[in-house]
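Some notes on the structure that comes next.
Any read-out appearing in this document is the output of simple, stated calculations on the displayed coordinates, not a laboratory observation. Just so it is clear, the structure is predicted and the values come from calculations on it, not from any experiment. Note: ideal-geometry Cβ built from the backbone for every residue, glycine included; neighbour counts use all protein chains shown.
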Amino acid sequence: MNKKKPSKKTAKASKTAKASKKANISDLDQSHGKEENFQPTTLDQIWGDDGTSKYSTTNEEEYKKELDEMNKTDLESHATSLGLVPAGDRIRLEERLVYEFQRHFNNYRMPADTNSTTNSTTNADVPDHVRKILEEGK
């Protein structure tokens, strides 16, 4: 079969587009906007458990790479060891494993409660007639 070679123009244009895209990405400086202070939610977390006992990594991309390298039998045994029933095809099983991975580590990333200080300041802003109505149920 004869394969059509791309013209010099399109090949050159795609190379310059890739090069300019890489240059722009490296120039970006973004913030995720999430709070960095976290409070432990379990006793194990207070003692220093970071969640790596169940999974070998805390990085989702590394975990996805590990899953890609596994064959279907390895994926099924991994799912079974995590307490999941390996049902369905490979894609659904990988999606479920990644979902469980995210769910597990979201328990370790609970932000600290900062609303307790904001509630006390907002109570002072409530007018007296509204405060009277709210206190009737006490």
Where q = 0.15, 0.20 Å⁻¹, what log10 of I(q)/I(0) comes from the Debye formula for region 56-112, counting one point per Cα?
-> -0.42, -0.71
May I ask you to derive the FRET efficiency for E95 and Q39 from their Cβ-Cβ distance with R0 = 30 Å, giving the value to the nearest 0.05?
-> 0.50
Length gain on complete extension for the stretch D49 to Q102, per 0.36 nm per residue less the alpha carbon to alpha carbon distance?
-> 17.4 nm
